[in-house]
Structures are given as C-alpha cells and as structure tokens.
2 protein chains.
Amino acid sequence: MATSTRSSKRQKTGADTAAEADDSMAYKLIYWPGIPGRGEHIRLAFEATGTPYVDVSNKTDAGVNAVMAQISEKNIGDDNNPPPLAPPILQHGDTLLSQTPNILAYLGPKLGLVPDVAEDSAGMYHVNALALTALDGLSNEPHDVHHPIASGAYYEEQKEEALKKAADYRAVRLPKFLSYFERVLSGPASGGGEWLYGGKMTYADLVLFQTLDGVTYAFPKCVGKLRSSGKYEKVFAHYERVKALDKIKSYLASNRRLKYSMGIYRHYPELDDE
Amino acid sequence: MATSTRSSKRQKTGADTAAEADDSMAYKLIYWPGIPGRGEHIRLAFEATGTPYVDVSNKTDAGVNAVMAQISEKNIGDDNNPPPLAPPILQHGDTLLSQTPNILAYLGPKLGLVPDVAEDSAGMYHVNALALTALDGLSNEPHDVHHPIASGAYYEEQKEEALKKAADYRAVRLPKFLSYFERVLSGPASGGGEWLYGGKMTYADLVLFQTLDGVTYAFPKCVGKLRSSGKYEKVFAHYERVKALDKIKSYLASNRRLKYSMGIYRHYPELDDE
C-alpha cells in the first residue's frame with residue numbers, strides 16, 4: 001500500500017528522485033472523508049504547526065477507497081507494518097501507523113508538540129496521558145452516548161438506552177472530566193495554567209480543544225450551563241486560547257475544517273439538557 | 001507524593017544514600033488492591049522480564065490509601081507531574097505516570113519489551129497501536145458490556161441494557177477483534193506469527209494475552225465456541241505461547257496473581273452464551 005518509489009523502473013534524473021523522495025516522505029492522513037472525526041486530531045497537529053500534509057480521502061482521487069483498502073479484512077499489512085483495524089491511519093514514507101493517540105505520539109517529537117526529551121525525559125509521556133484521558137472522556141464516551149449498545153447499529157435502534165446514557169454523561173461524566181482538566185491547569189506541572197503541561201502548547205492542548213469543541217457541538221445546552229457555572233474557568237479559557245492561535249484560527253475559517261455531522265459528535269437535541 | 005529523598009535532612013552515610021537511591025528508583029505500581037484490573041498489564045510487564053517492583057496497595061501498609069491520595073479531587077499534582085485521573089499509576093523516582101498504555105509505552109524501552117529504536121524506529125509505535133487496539137476491544141468494551149449506561153451505577157441497575165450489549169459483543173465485536181489479531185499474526189510484520197510484531201515478544205503480546213484471558217473468564221462459553229470454530233487458531237496458539245513462558249507460568253501460579261472478581265472482567269452467566 002505504500003507509495004514508495006523503490007520499485008519504479010523508469011530511468012530517473014536527479015531532480016525526479018529528489019521530488020519523489022520529498023513526496024514519499026510527506027505526511028498522508030488516511031481517514032473517512034467528509035467528517036472531522038478522530039482524524040481531526042491529526043489534522044490539528046499539522047495545522048497548528050504549519051506542517052504540509054495530504055488529507056488523502058478528502059483531497060485526492062483515492063477518496064474513501066484509501067480507507068477501505070487499509071481496513072479490508074483481506075489486508076494483512078506488509079513487511080514493515082501490521083494491518084490497521086480502523087482509521088485514522090498516518091502514512092509517512094514506508095511507515096503506516098494507526099490509533100489516534102499513537103499517531104500523535106509519533107508526530108509529537110517530529111512537529112515540536114511535546115517537550116524536548118533532552119530537557120524533560122518524562123514530558124512526552126505526561127502529554128500522552130493527558131491526550132489519552134481527553135480522548136477517553138470527551139471523545140470515546142460521547143460516541144458511546146449515542147451508541148450505547150451496538151456501534152454497528154443505528155442510533156434509532158438504541159435511542160431509549162442513549163437517553164439514559166446521555167443523562168449520566170451530562171450529570172456525572174462530563175463534569176468529572178472538565179473538573180479533572182481544571183485541576184491539571186491549576187497544578188504546578190502546567191507551568192502557569194495557560195497550557196496543560198510544561199508552560200508550552202503540546203498536542204494534548206489540541207486534543208482537549210478539539211474534544212471540548214465536539215462535546216459543545218453535541219451538547220450545547222449542557223456545556224453552556226457548565227461553562228456559566230464558573231467551575232471550569234481555566235478549561236474554557238484554555239479552549240479560547242487554542243481557538244485564537246493564528247494558525248488554528250485560519251484553519252477553522254478554511255474549507256479544510258469539516259463540519260460535524262454523523263460522526264463521533266452528533267447533535268441530537270433529545271440527548272442534551274432541556 | 002513522591003518518595004524522593006531530596007528533602008531528607010538526616011546526615012547520610014554512603015551506604016544509606018545508595019540504598020535510598022535504589023529504593024527511590026524502584027518501580028512502584030499504584031492500583032486498586034485485590035483485583036487484577038488494568039494494573040495487571042503493568043504487573044505482567046514486570047513479571048515477564050523479571051523486573052523488581054512494588055505492588056503498593058497489595059504489598060505495603062499504604063493499601064488503598066495510596067490510590068485514594070492520588071485520585072483525590074484535591075490533588076493537583078506536583079512540579080513534575082500532572083495529577084492522574086485514575087489508576088493504574090506508575091511511580092518511578094520523581095515521575096508519576098498514569099494511563100495503562102502510556103505506562104507500557106514508558107516501560108517498553110526500559111524493560112526490552114519493544115524493538116530497539118536504533119534498528120526499527122517505528123517499532124515502538126506499532127507495538128503501542130497493537131496494545132491500544134487490544135485494550136479497546138478486549139478490555140474497555142468488555143467493561144462496558146456490564147456497565148453500558150453508567151460506570152458509577154450498579155450492574156443490577158443496567159442489567160437489561162447489559163444483556164443487549166453482551167449479545168452484540170459476543171456476536172459482533174469479540175469476533176471482530178479476534179479476527180483482527182488473527183490477521184496481525186498472519187501478516188509479514190509479525191515476523192513469523194509467533195508474536196504480534198517483529199518476531200519477538202513485546203508488551204503488546206502480554207496485553208493480548210491478558211485481555212483474552214479476562215474475556216475468557218467473563219464469557220467462557222462464547223470464547224469456547226469461538227476457539228473451537230478454528231477461525232482464530234493463531235490467536236489461541238499465541239495465548240498458550242505467552243501462558244507457557246517460564247516467568248509467566250511461575251507468576252500465574254503465585255499468590256501475586258490476583259483472582260478476577262468484580263473488576264473489568266466479570267462473569268455473569270446471563271451475559272454469556274447459553
């Protein structure tokens with residue numbers, strides 16, 4: 001599946017080879033077209049750092065087939081790579097990686113989105129833990145709210161159970177996670193409370209921004225109440241801080257930022273507060 | 001919360017200092033006492049490699065208080081460490097890390113449970129992805145089967161929904177994940193199909209072993225049928241391979257291996273096949 005040029009038999013000029021080498025090392029994101037989804041965390045890492053990338057299914061002719069080929073039950077991977085179970089998938093040269101937090105862990109040092117390992121050897125692991133926690137409570141759980149019984153069945157088939165799970169999510173789980181990140185931003189390891197860890201923006205900040213953005217789309221009334229409660233001031237200030245970053249602001253205003261629809265974050269009014 | 005000796009004012013001898021330094025750098029696992037749970041993945045990494053560690057809540061006077069202090073809503077962490085949301089927590093010197101796959105990613109290179117980065121720079125990320133996938137489908141989902149609506153409520157309060165989710169898990173999700181790992185073991189990146197990646201045991205193998213062990217405890221009839229279907233021969237051979245490793249075998253026979261009870265993996269006969 002890799003687009004390596006190793007097997008090309010055409011006689012190459014020096015210029016050709018340089019151009020192809022550049023292309024083969026470009027970052028390629030393979031994710032469902034048309035929705036932000038889990039792929040959005042990878043896009044934000046690239047966008048926040050001004051890193052060129054190819055959004056394969058949205059911006060090339062391969063379209064959704066790029067995803068389907070990877071997750072086919074016939075795909076057993078290649079010499080370098082196990083098969084992925086699901087997108088997002090990052091292709092970087094001959095390497096194919098899956099699992100959102102794993103792709104972010106790979107990109108973190110390359111894009112300057114984790115502390116320098118020479119200065120803070122545990123920093124990248126703290127960032128990873130924060131990202132995993134945001135993904136657990138503000139991405140995986142909100143997905144399960146609208147699909148509590150069977151991820152492969154329709155919402156309408158499990159709406160009754162979704163109503164119950166949504167009530168628990170709004171009353172218990174969402175406040176728990178917001179309260180946790182409020183504590184993280186209040187703690188000394190945040191380095192002042194502007195960013196989650198070490199006084200600088202990391203990919204954990206981007207993940208918290210994106211997950212809170214998605215939860216706000218899904219549960220606007222509930223999040224509005226929690227925000228105006230004043231209990232999570234640092235969390236919402238952090239959200240606005242990320243949103244106001246020049247590169248993020250431009251990205252959010254561009255057509256590269258896809259609209260929420262029927263992905264992880266869904267707005268069903270009956271699952272929100274009244 | 002760290003047990004660093006930096007603030008000690010007592011006059012030290014050389015021997016004292018060496019002993020304390022050793023102690024402060026020992027690996028300490030902070031997890032709920034009495035159940036294997038997510039802490040088991042950390043225990044297995046230590047046990048499989050013969051690495052000394054302290055199972056704080058099971059083997060020291062601190063008991064469950066070691067967990068409670070960490071996850072207290074008053075804990076904002078310290079200069080080096082954000083607060084953890086939940087155990088397992090690894091303490092290593094002044095570093096405190098949470099999130100199961102994150103602790104494993106930290107331990108992997110230290111315990112020789114990932115490929116050498118100089119030989120295979122992407123290897124540790126492939127291992128991380130495989131571990132994340134096993135944890136998703138064979139640990140988080142089985143937990144949600146008995147708690148589909150509210151993780152903080154009793155099983156009995158959500159039994160009706162659990163029966164529905166269990167039916168989907170047994171018929172759709174569990175076969176999907178077993179089939180995935182069968183493909184991984186069939187692929188060239190496994191390096192022969194004995195281990196998940198690169199022809200050597202990594203922590204992903206230990207995670208797959210432990211999650212399949214837990215799923216087998218929870219759904220013995222269903223797993224028995226899937227096993228005898230012959231569709232997942234490589235997965236079950238892999239399970240037996242890990243189980244037969246000398247150090248794992250000794251560990252499983254020891255009193256350090258805790259019994260499943262009311263943790264992630266629960267055996268409710270009504271949630272299993274008939």
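The values are calculated or read from the model by the stated rules, or taken from the named source; none is laboratory data. This is a predicted model, so every value here is computed, not measured. FYI the Cβ positions are ideal-geometry reconstructions off the backbone, even for glycines, and counts take in every protein chain you see. SASA here: full protein model, heavy atoms, side chains in, ligands and nucleic acids out. Shrake-Rupley method; radii C 1.70, N 1.55, O 1.52, S 1.80 Å.
The table that follows gives values for the structure above.
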| quantity | calculated |
| --- | --- |
| Within chain A, helix-based [θ] at 222 nm, where runs of 4 or more DSSP H residues each add -39,500 (n - 2.57), nearest 500 | -14000 deg cm²/dmol |
| In Å², nearest 10: area of residue A:117 left accessible to a 1.4 Å probe | 80 Å² |
| Relative packing of peptides A:227-233, A:28-34 - highest average C-beta neighbours within 10 Å first | A:28-34, A:227-233 |
| Cα principal axis extents for the protein assembly as shown, largest first, Å | 69, 57, 57 |
| Neighbouring partner chain Cβ atoms per residue of B:79-89, average, 10 Å criterion | 6 |
| In sequence order, calculated HN-Hα J values of the stretch B:187-202 (Karplus, 6.51, -1.76, 1.60; Hz; x Gly/Pro) | x, x, 5, 6, x, x, x, 7, 10, 5, 9, x, x, 9, 5, 10 |
| Interchain or long-range residues, amide H under 5 Å from residue A:54's placed H | A:27, A:28, A:29 |
| Number of partner chain Cβ atoms within 10 Å, mean per residue of B:186-193 | 4 |
| Table column - 3J(HN,Hα) (Hz), the stretch B:131-144, Karplus curve with 6.51, -1.76, 1.60, x for Gly and Pro | 5, 4, 5, 5, 5, 4, x, 10, 10, 5, 5, x, 5, 5 |
| Protection-proxy order for peptides A:247-260, B:85-98, each taking the mean of Cβ atoms within 10 Å per residue, highest first | B:85-98, A:247-260 |
| At 7 Å out from Cα toward Cβ: residue B:221 inter-copy label distances (nm, ascending) | 4.3 |
| Extension gain (nm, one decimal) between residue B:153 and residue B:119, 0.36 nm per residue minus Cα-Cα | 7.4 nm |
| Cα centre as origin, Lys/Arg/Asp/Glu Cβ charges: the stretch A:124-242 dipole, Debye | 420 debye |
| Peptide A:102-111 - average C-beta neighbours from other chains (10 Å radius) | 3 |
| Ascending list, in nanometres, of distances separating the residue B:233 label from those of the other copies (7 Å, Cα toward Cβ) | 6.6 |
| Label-point separation in nm, residue B:65 to residue A:68, each point 7 Å along Cα→Cβ | 6.1 nm |
| Size of charge dipole - chain A - debye, nearest 20, with Cβ of Lys, Arg +1 and Asp, Glu -1, no other charges | 400 debye |
| Cβ-Cβ FRET estimate between residue A:244 and residue A:221, R0 fixed at 25 Å, reported to 0.05 | 0.55 |
| Cβ-Cβ FRET estimate between residue A:268 and residue A:49, R0 fixed at 35 Å, reported to 0.05 | 0.50 |
| Label-point separation in nm, residue B:171 to residue B:95, each point 7 Å along Cα→Cβ | 4.6 nm |
| Lysines whose Cα lies under 17 Å from that of residue B:28, excluding same-chain neighbours fewer than 8 positions away | B:59, B:110 |
| Phi-based couplings in Hz for the stretch B:212-218 (Karplus 6.51, -1.76, 1.60; Gly and Pro marked x) | 5, 4, x, 5, 5, 5, 6 |
| Surface/4 estimate of mean projected area, convex hull on alpha-carbon atoms of the stretch A:17-111, nm² | 6.4 nm² |
